[in-house]
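First the structure, in the form of structure tokens, and then the observations on it.
The values are calculated or read from the model by the stated rules, or taken from the named source; none is laboratory data. Small disclaimer: the values here were computed from a predicted structure and weren't measured. Cβ placement follows ideal geometry from the backbone for every residue including glycine, while neighbour counts extend to all protein chains displayed. Just the protein is used for accessible areas: all its heavy atoms, side chains included, with ligands, DNA and RNA removed. Shrake-Rupley method; radii C 1.70, N 1.55, O 1.52, S 1.80 Å.
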Amino acid sequence: MDSAAAARLATALEQAGIASRPVGVLDLDAFDANAQSLRDRMAPGAEHKPIRVASKSLRVRRAVERALGREGFAGVLAFTAAEALWLARGGVDDVVIGYPTADAESVRSIAEDEQARERIAFMADSPEHLRFLAGCTRDGAPLRVCLELDASFRLNSQRLLARLPGSLAVGALRSPCHTPESLEQLAREALAEPRLHLVGIMAYESQVAGVYDSGRSPRAAVIRAMQKASRREIAERRAEAVARVRALADLEFVNGGGTGSVESTSAEDAVTEVAAGSGLFAPGLFSRYRGFRPQPALHVAFDVVRRPSARVATVLGGGWIASGVPAADRLPAVEWPQGLSYARDEAAGEVQTPLSGEGASRLKLGDAVWFRHAKAGEVCERLNEVVVVSGNAVVDRWPTYRGEGKAFL
Ligand SMILES: Cc1ncc(COP(=O)(O)O)c(C=O)c1O
């Protein structure tokens, strides 16, 4: 964030009489530009494929709706069954739950609500999931099901590394169905169950879409090489898995990818839609990809409440750490004033965060320090609303899921 952006947001808040902090501010112009940039990144020839909005990366219903209102965005990739039901009842007509559920109560509620049942697809990666879902529908009306193919990259399935012992997988541990054959077998089991209706396949290559690739370290170079090989491998394996299942059933969609892989995932013929969410808010971790540069859209300001020394300013709060392997990159980025750093022994604290550096010396009690969360949607579990700014003015205030009383996860 530069001084002009900080001044613009501060003026907008001041003019709207919004003085309490912490305050979350959504820069709507940046959000819209990011939505356009996600579309612009679709591979040549893939312009007709929609982007499914990953709601976990927003957790603000109005933001989800804003994305869905744009050309080229369709459907929601939800994260829990309860959320899916809430969204479907709220008017979203195409929801895929991107993760399996064990929430029988919500599944039953969906099964018993004809409209919700038609709008929502459940995720399954095992016969146990299929049995669980089928067991939740009483009157026999089929539940829509999507099967998940594991999209991780197995190093020792590559010829060069075939002699390595064990299985060296890179990517999220998700579905046990790694091979096209195993997905086909699962599809046969789904098709044999009359209480289920097989509608789609999803395969999320997290090691490409969710791992940033910039940097000059040897590690960064290894990541880039892994991602290049993984893109090639998943394209082949996904195509074969999809072909095998399509030979058995008409599929409505094949979903893949995420913000970090829009170009490569959308280029695959087998893929009919790409999922993305983080690219809209553009949190800290998503400024570290080489191939795209989204505009930071969601910012949080905290109050300076004390000055332990001339070069240190302490804000109230700040310790909103992102999920994942605990490491420095999970800390919020201090955006403004520039040149502030965390205290080594405290980092971002539960109720106070001391910040040192050149910029700290000019800060007074009650001044704002602007942060950007490392990930996209999690920060909204800490805020009741986001203040929406366009140009120099506050144009709206949107409740977060939490602000609507909906803490799903
Ligand atoms: C199944 C699935 N698809 C897509 C995504 C990509 O979301 P985003 O664009 O927010 O990185 C994720 C993120 O974790 C995911 O779990």
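For a straight C-alpha distance cut-off of 15 angstrom, the aspartates and glutamates reachable from K406 (same-chain residues fewer than eight places away being disregarded) are E83, E378, E381, E385. When the chain is treated as a Gaussian network with alpha carbon springs shorter than 10 Å, the biggest mean-square fluctuation among L133, L316, L26 belongs to L316.
Here the dipole of the chain is about 1260 debye; that uses its Cα centre as origin and unit charges on the Cβ of Lys and Arg (positive) and Asp and Glu (negative). Taken over segment 42-278, the convex hull of the Cα atoms encloses 128 Å³ per residue.
The H on the amide N of A54, modeled in the peptide plane, is under 5 Å from the matching H of L77, A276, G277, each at least 5 residues off or on a different chain. Taking all protein chains as they are arranged and a probe of 1.4 Å, the heavy atoms of C136 leave approximately 10 Å² accessible to solvent. Across the accessible surface of segment 264-409, with the other protein chains kept in place and a 1.4 Å probe, carbon and sulfur atoms take up 50 percent. Rounding to the nearest 10 and keeping the result within 0 to 90°, find how far the Cα-based axis of helix 3-15 lies from the longest principal axis of the chain. The angle comes out at about 90 degrees.
Would you look at the GNM of the chain, springs on alpha carbons closer than 10 Å, and say which of L355, L168, L28 moves the most? With Cα springs under 10 Å in the chain, the top fluctuation among L355, L168, L28 is at L168. Straight-line cross-link reach from K49 at under 16 Å between alpha-carbon atoms covers these aspartates and glutamates, not counting any fewer than eight positions away in the same chain: D40, E71, D94, E252, E263, E268, D269, E273.
Report, for the chain, the % of DSSP beta bridges that are antiparallel, rounded to 5. Percent antiparallel among DSSP bridges in the chain is about 50.
Ligands, DNA and RNA are left out, and with a 1.4 angstrom probe the accessible area of the chain is 44 Å² per residue. What does the charge count around D113 come to, taking other residues whose C-beta lies under 11 Å from its C-beta (Lys +1, Arg +1, Asp -1, Glu -1)? Neighbour charge sum, excluding D113 itself: +1.
DSSP beta bridges fully contained in segment 42-278 are about 5 percent antiparallel. The charge dipole of segment 42-278, taken about its Cα centre with unit charges on the Cβ atoms of Lys, Arg (+1), Asp and Glu (-1) only, comes to about 940 debye.
Positive-end ranking of P50, G339, F132 along the dipole of the chain, with charges on Cβ about the Cα centre, is headed by G339. Mean-square fluctuations from a GNM of the chain, with a 10 angstrom spring cutoff on Cα atoms, peak among G200, G277, G349 at G349.
Its Cα centre serving as origin, segment 259-364 has a Cβ charge dipole (Lys and Arg +1, Asp and Glu -1) of approximately 680 debye. Amide H contacts of L355 (H built 1.01 Å from N, in plane; Pro and chain starts excluded): A313, T314, V315 sit under 5 Å, all sequence-distant by 5 or more or on other chains.
Across all directions, the average projected area of the convex hull around the alpha carbons of the chain is 20.9 nm².
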